[in-house]
Structures are given as C-alpha cells and as structure tokens.
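K.L.:
There's a structure below that I have some questions on.
The values are calculated or read from the model by the stated rules, or taken from the named source; none is laboratory data. The structure presented is a predicted model; accordingly, all values stated were derived computationally and were not measured. Counting neighbours? That spans all protein chains shown, and the Cβs are built from the backbone with ideal geometry, glycine included. Just so you know, the surface numbers come from the protein's heavy atoms only, side chains and all, with ligands and any DNA or RNA stripped out. Shrake-Rupley method; radii C 1.70, N 1.55, O 1.52, S 1.80 Å.
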Amino acid sequence: MLIQDDFNLKHFNTFHVSAHARYFAHVTSRSELTEALTFSKRQQIPFMLIGQGSNLLFKADYPGLIIELNIKGIELLREDQNYYYVRAQCGENWHAFVQYCLQNNWYGLENLSLIPGTVGAAPVQNIGAYGVEISERLHELEALEIATGKLLNFSTKQCQLAYRHSIFKAELKDQFIITSVTFRLLKKVSLNLSYPSLQEALKGIDRRQLTPQMVSDAVCEIRQSKLPDPGVIGNAGSFFWNPIVSDEELKGLRDAYPDIVAYPYQKQHKIAAAWLIDKAGWKGYREGDVGVHKDHALVLVNYGQASGAELFNLSERIQASVAEKFGIELQAEVRII
Ligand code: EPU
C-alpha cells in the first residue's frame, strides 16, 4: 500500500477546498487498513478516515494521515419470508448501492437515492431523506475496534441511531471504524410517500402503478432540482442540522413568525433550518467564491477557489445572524476539521 505525503485533498472533499494532508493512504482491504493504522501509530500522528468526503469541511491543513476507505463488495447473505439480508462493504458508493438493490428487487432504500457518500459513513450520521432514515433498514454492522484491532458486530439497537446521530458520534467517537453494513431489505414493496415534496412530484400517478424505482427516480429529480451537484459546485449538502424544539418553544416562535416551517419529530418539532437562514436574508448570498445556494438556503457553496476557512467564516456569520433574529443556535451538521 502506497502512503503519499503532502497530499492535496481538493478532490477528496465535495466542497473542493484545497487542504493538504501530511500523509494519505488509499485503502482497499482490511489488511491495508490495519497497515495504515500501524503507520499512524508508529509515526505518532493522528489519523482520519474519509469515504467520499461529502460531509466534511477542511478549515486548515491536516497534520496526520488521511485514510481513504475504498473496501468494496455487496453480497446477499440470506433471506427469510419477508426480508433479504444484504451486506455491503464500507467503501461502496451509497447511491450505486441503492440502485443495485433496486435492480435486484431488494426494496426499502429508494427514498435515500442520490445521497452522496459511502455505505460505511451512512450509519454514523443515520442518513435520512424524504421520510426515511437508514435506521429503519439497518440489520447490523461490523466495526473494527481501533485500540485492539478486533472486529465487533453492532445490532441496530446498539448503534443508538437518532436524527443524524449514532453511538459512533457520541460515546464511541473515534474508537471504531465501520467496515461493513448489513441491511434488512423488503421483499414486498412498501412505499413511504409521507414527505410533501415527494407526494407533489408523484401527483397524478396512480398509486397502484408506482414502483420503488419510480420513487427513486422522483427523489433524484427533487434532489437535482434544488441541491447543487457537488461535481459542479462544491458543497456538502445541508450545512446545519434542523433544530429540534419543544411544543413551548415552537409556540413562542409561531407567535412571532406565523409562517415558520416545522415538522413533528418524535414528540418534538424539527424546524427547517433552511427557512430560518432564508428569512435571515442569506439565500443566494455570495461574496468572492463562497455563498449560500440560490435554490436552497441550507447549502453553503464553493464557487471555485474558496478556502475552508472562508466557508467556515460564512457559516459562523450565518449562525450569529440566525441566533440574533430567532434565538436559535444552529449546529453544523458538516464535520469541521
Ligand atoms: N426552505 C426554505 N428556504 C429554502 C429551502 C427550504 O424556506 O431555501 C423550507 C421549505 O419550506 C421546505 C423546508 O425548508 O419545505 C424543508 O426543506 P427541504 O425539504 O429541502 O428539507 P431540509 O429540511 O432542508 C432535510 C435534510 C436533507 C434531506 C431533505 C429531504 C437535514 C439537515 N437535511 O433538508 O439532507 O435531503 O431533508 O428529506 O436534515 C443532508 O443532510 O445533507 C441533506 C441534504
């Protein structure tokens, strides 16, 4: 395995910011992963894993080893009356995996089409879109314990998945590397059309004729219509979490802003951060090469040569302005390094 030094990460983060890693390793097997970890230990430098760098902002150069996880493979492990149990290795591209499942008539991931990133990164933040979270389809996952080199299995319950959250972001942060994920996919079609914009996109089509592939296509169309393609304009999707507030807090906000956009979420309310940023006047803002996307206020963009520090600075200005106007502290969903 080749370990490169002073490596430019521009093509390894979807914001396309230039940041240099002291070392970089492209890893295609578990033994190469162990080798890379041993290297960082021996050099006494930190290491960091990346999949496709779709949820990262490099604010500065990285002083350690970046490990690009590229372990591939998809296999049908078994099936029972209702489900297929399908295991994918961590380096599989998420969207390609979703499409592969649909082609095989393994259902249930269609709403999660076109989410950038890899399979291994998906459970860490419990990716979710258009009414579905990965938690609903996860069966178990396998992870390497960094301290001991042992492989352990985690059931869905043990992963403690919640909105954009898992145990791997909390108690077990930086202690495990997810190496493969097993999904429990449906044999019978069961579509989730709860999300308003998805219903709108499929309006006029007879429900009985709808297929999971049609839902996937509709999700792709919606995403393409309002989220910029990171291949064209650097971005990392939603930059902030949607804040979760209590009944009381929402009532207070509604009194002041009757048209505030909020959805019920597990006995509380999720406020559309995009709405807050939009109302604070940031949508379409641009200064130099940094900006807020014109079609979606939750997406910060790099129009070309922006640095990570400039993007971070813009995110702080947005946070301050939303806090001042609404009294809400937005939290970055993107991992800032
Ligand atoms: N809105 C505005 N202004 C805008 C954009 C949106 O006011 O510029 C309002 C609209 O009322 C809209 C509402 O905000 O109905 C919500 O917008 P959208 O449906 O685009 O969803 P979101 O809450 O902004 C979340 C996820 C997305 C996911 C979509 C669809 C988070 C942080 N983001 O976005 O995930 O694709 O729902 O399910 O939960 C990501 O995590 O990177 C991501 C793109």
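K.L.:
Quick check: net charge around Trp282, other residues with Cβ under 12 Å of its Cβ, Lys/Arg +1 and Asp/Glu -1?
P.N.:
In short, +4.
K.L.:
Taking R0 as 35 Å, what FRET efficiency do you get between Arg254 and Lys169 from their Cβ-Cβ distance, rounded to the nearest 0.05?
P.N.:
Efficiency at R0 = 35 Å is approximately 0.70.
K.L.:
Check Leu49: other-chain or 5+ apart residues with amide H under 5 Å from its amide H, H built from backbone geometry?
P.N.:
Ile67
K.L.:
Can you work out ³J(HN,Hα) from phi for every residue in the range 188-201, in order, using Karplus 6.51 cos²θ - 1.76 cosθ + 1.60 and θ = phi - 60°, giving whole Hz and x for Gly and Pro?
P.N.:
Taking θ as phi minus 60°, the curve returns 9, 5, 9, 8, 9, 10, 6, 6, x, 6, 6, 4, 4, 5 Hz for the range 188-201.
K.L.:
Let me ask something else about it. Out of all DSSP beta bridges with both ends in the chain, state the antiparallel percent to the nearest 5.
P.N.:
80 percent
K.L.:
What does the accessible area of Ile3 come to, in Å² to the nearest 10, when a probe of 1.4 Å is used?
P.N.:
My reading of the accessible area for Ile3 is about 50 Å².
K.L.:
So if we plug the beta-carbon distance of Glu75 and Thr34 into 1/(1 + (r/R0)^6) with R0 = 22 Å, what FRET efficiency do we get, rounded to 0.05?
P.N.:
Efficiency, from the Cβ-Cβ distance: 0.50.
K.L.:
Per-residue ellipticity at 222 nm for the chain, helices alone: DSSP H runs ≥ 4 residues times -39500 (n - 2.57), over residue total, nearest 500 deg cm²/dmol?
P.N.:
-7500 deg cm²/dmol
K.L.:
Next question, about the same structure. Share of antiparallel DSSP beta bridges in the range 42-107, in percent to the nearest 5?
P.N.:
Percent antiparallel among DSSP bridges in the range 42-107 is about 55.
K.L.:
List the residues, sorted by chain then number, that are 5 or more residues from Arg335 or on another chain and whose placed amide H is less than 5 Å from its amide H.
P.N.:
Leu56, Leu57
K.L.:
Taking the simple approach of a point 7 Å from Cα along Cα-to-Cβ for both Gln331 and Ser18, what is their distance in nm?
P.N.:
For the pair Gln331/Ser18, the computed spacing is 3.5 nm.
K.L.:
Same structure, new question: Quick check: from the Cα gyration tensor, does the chain come out rounded (a/c under 1.5), prolate or oblate?
P.N.:
oblate
K.L.:
Right, next: Keeping the other protein chains in place, figure out the carbon and sulfur percent of the accessible area of the chain, with a 1.4 Å probe.
P.N.:
48 percent
K.L.:
If you take the beta carbon distance between Glu200 and Met48 as r and set R0 to 45 Å, what does 1/(1 + (r/R0)^6) give as a FRET efficiency, to the nearest 0.05?
P.N.:
Efficiency for this residue pair is about 0.70.
K.L.:
If you don't mind, another one. Rounded to whole Hz and in sequence order, give me ³J(HN,Hα) for the range 222-230 from the Karplus expression 6.51 cos²θ - 1.76 cosθ + 1.60, θ = phi - 60°, writing x for Gly and Pro.
P.N.:
4, 4, 5, 7, 10, 10, x, 6, x
K.L.:
Given labels modelled 7 Å from the Cα in the Cβ direction, how far is it in nm from Asp61 to Arg208?
P.N.:
For Asp61 paired with Arg208, the spin-label model returns 6.6 nm.
K.L.:
Among the lysines, select those whose C-alpha is under 26 Å from the C-alpha of Lys267, and discard any that sit fewer than 8 residues away in the same chain.
P.N.:
Lys157, Lys169, Lys251, Lys279, Lys325
K.L.:
I would also like to ask the following. Using the heavy atoms of the protein chains and a 1.4 angstrom probe, tell me the accessible area per residue for the range 1-88 in square angstrom.
P.N.:
That works out to 51 Å² per residue.
K.L.:
Find the centroid of the Cα atoms in the range 77-149 and in the range 267-290, then give the distance between the two in whole Å.
P.N.:
Centre-to-centre distance over Cα atoms comes out at 29 Å.
K.L.:
So for the range 1-141: antiparallel DSSP bridges make up what percent, rounded to the nearest 5?
P.N.:
Roughly 55 percent of the beta bridges in the range 1-141 run antiparallel, per DSSP.
K.L.:
What whole-number value in Å² describes the accessible area per residue of the range 213-337 for a 1.4 Å probe?
P.N.:
Heavy-atom SASA per residue in the range 213-337 reads 50 Å².
K.L.:
What whole-number value in Å² describes the accessible area per residue of the range 121-185 for a 1.4 Å probe?
P.N.:
That works out to 41 Å² per residue.
K.L.:
Ranked from the most accessible area to the least, with a 1.4 Å probe and all protein chains present, what is the order of Glu316, Glu329?
P.N.:
The residues order as Glu329, Glu316, largest area first.
K.L.:
Continuing with this model, one more query. Ordered by residue, what ³J(HN,Hα) values in Hz, to whole numbers, does the range 133-145 give under the Karplus form 6.51 cos²θ - 1.76 cosθ + 1.60, where θ = phi - 60° and Gly and Pro are x?
P.N.:
The phi angles translate into 10, 4, 3, 6, 10, 7, 9, 6, 9, 10, 9, 8, 7 Hz.
K.L.:
Right, next: Name the residues whose placed amide hydrogens come within less than 5 Å of the amide hydrogen of Ser307, ignoring near sequence neighbours (fewer than 5 apart) on the same chain.
P.N.:
Amide H to amide H, under 5 Å and 5 or more residues apart or across chains, Ser307 pairs with nothing.
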